[in-house]
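Trainee: Following this message is one structure expressed as structure tokens.
The values are calculated or read from the model by the stated rules, or taken from the named source; none is laboratory data. Here the structure is a predicted model, which means the values were calculated and not measured. Methodologically, a virtual Cβ is constructed for each residue, glycine included, from the backbone with ideal geometry; neighbour enumeration extends over all protein chains shown. Just so you know, the surface numbers come from the protein's heavy atoms only, side chains and all, with ligands and any DNA or RNA stripped out. Shrake-Rupley method; radii C 1.70, N 1.55, O 1.52, S 1.80 Å.
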Amino acid sequence: MRYRRLGASELIVSEIAFGSWLTFSNSVRKTSAIACVHRALERGVTLFDTANVYGRGEAERVLGEALQGIRRDSYVLATKLFFPMSDSDRGLSRAQILKQIEASLDRLKVSYVDLYQCHRFDPQTPLEETMAALTDVVRAGKARYIGFSEWPIDRIEAGLRLADVERFISSQPQYSLLHRDPERALLPLCARSGISQIVWSPLAQGVLTGKYAPGAPKPADSRAADDTMKGSIPPGWLQPKMLEAVRAVEPLAAAAGLTLAQFALAWVLRQPNVAAAIIGATRPEQVDENVAASGPSLSADLIARAEQILAGAL
């Protein structure tokens, strides 16, 4: 495992981060989730990302349980807030920020998080109120740093212009070979501003693992076959043309000595402004495969050919 500095902070994080978007609604899934967290720790993962809304608190509870007994300064813990936790609890108002950080700390069984992130921008709350409240959370010792996810560029710039508030050190965008929007404005802005990326969906919701074959039924255990999650995958990504293009990238990955998933992760990590790529796993062996993407570098030729193949299918 290799490690990178997270923005203009003192945090050093593993290039592969472990994410806990899954809801752990039964003992079998919970046992598997904890096993994956422990395998990630064994493989050198130090950055663990979650959010209060994942399973309405369940993901934080399970992650907190999994990390019990682990030396607190040996891992970096990140969580988020914004989405509804009840009919009345949502957004980035001062009241919500102060309420939700306490609830997250209680579920995670820690006294502070290393990174507290705004899961989305809240247009209903003045930016000054949000930034002041986040600053108070940091200065009270309940979070070390702050970040954002999928904020509009102009709101990021406005936040950076405010005086006497904590500075963002992280951005959490969707970024992959199939979703390259951050390259246009977000990455340049963040590179100038001391902000690093912690990328979500670097495997394009699993499409870049090669699990979906053109013309074949969707695997029963896949997101595309799950009625509660399949809506998160853009329909075009599951069309035969795209799936055939993904398969055409497999020989390029093999030429680099990598699986398709490892190649996709290494592609994301080629960006110097990316500090980490978030993976999910339901089995420890998936952690093993993904962690192996930290370290290998891709040749310019392989990168260009992969990008050309997939761009032609978008």
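Trainee: Quick one: in the stretch 276-294, of everything that is of a type in the set (Gly, Ala, Ser) and at pLDDT below 95, which residue is surrounded by the fewest Cβ atoms within 10 Å (Cβ to Cβ)?
Mentor: The selected residue is GLY280.
Trainee: Here's a check for you: in the stretch 131-145, which residue that is in contact with a helix residue (DSSP H, G or I) (Cβ under 8 Å, 6 or more places away or on another chain) and hydrophobic (A, V, I, L, M, F, W, C) is most open to solvent (accessible area, probe 1.4 Å)?
Mentor: Only one residue tops the list, namely ALA132.
Trainee: Looking at the stretch 1-92, what strands (runs of 3 or more DSSP E) fall wholly within it and have at least 3 residues that are free of Cβ contacts under 8 Å to residues at least 60 places away in the same chain?
Mentor: 76-81
Trainee: For the stretch 1-31, what are the residues that are of a type in the set (D, E, K, R) and at pLDDT below 95?
Mentor: ARG29, LYS30, listed by residue number.
Trainee: If you take the residues in the stretch 146-174 that are open to solvent by less than 20 Å² (accessible area, probe 1.4 Å) and in a loop (DSSP other than H, G, I, E, B), which one is farthest from ALA51 (Cα to Cα)?
Mentor: TRP151
Trainee: Now, a different point. Restrict the check to the stretch 241-262 and report whether at least one residue is among the acidic types (Asp, Glu), at pLDDT 95 or above, under 26 Å from SER170 (Cα atoms) and open to solvent by 60 Å² or more (accessible area, probe 1.4 Å).
Mentor: no
Residues are listed down the side, and each one gets a yes or a no for (1) of a type in the set (Phe, Trp, Tyr); (2) within 19 Å of TYR112 (Cβ to Cβ); (3) out of contact with any Gly (no Cβ under 6 Å at 6 or more places or on another chain):
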{"position": "TYR3", "(1), (2), (3)": "yes, no, yes"}
{"position": "GLY7", "(1), (2), (3)": "no, yes, no"}
{"position": "GLY19", "(1), (2), (3)": "no, no, no"}
{"position": "SER32", "(1), (2), (3)": "no, no, yes"}
{"position": "THR46", "(1), (2), (3)": "no, yes, yes"}
{"position": "ARG56", "(1), (2), (3)": "no, no, yes"}
{"position": "GLN68", "(1), (2), (3)": "no, yes, yes"}
{"position": "ARG71", "(1), (2), (3)": "no, yes, yes"}
{"position": "LYS80", "(1), (2), (3)": "no, yes, yes"}
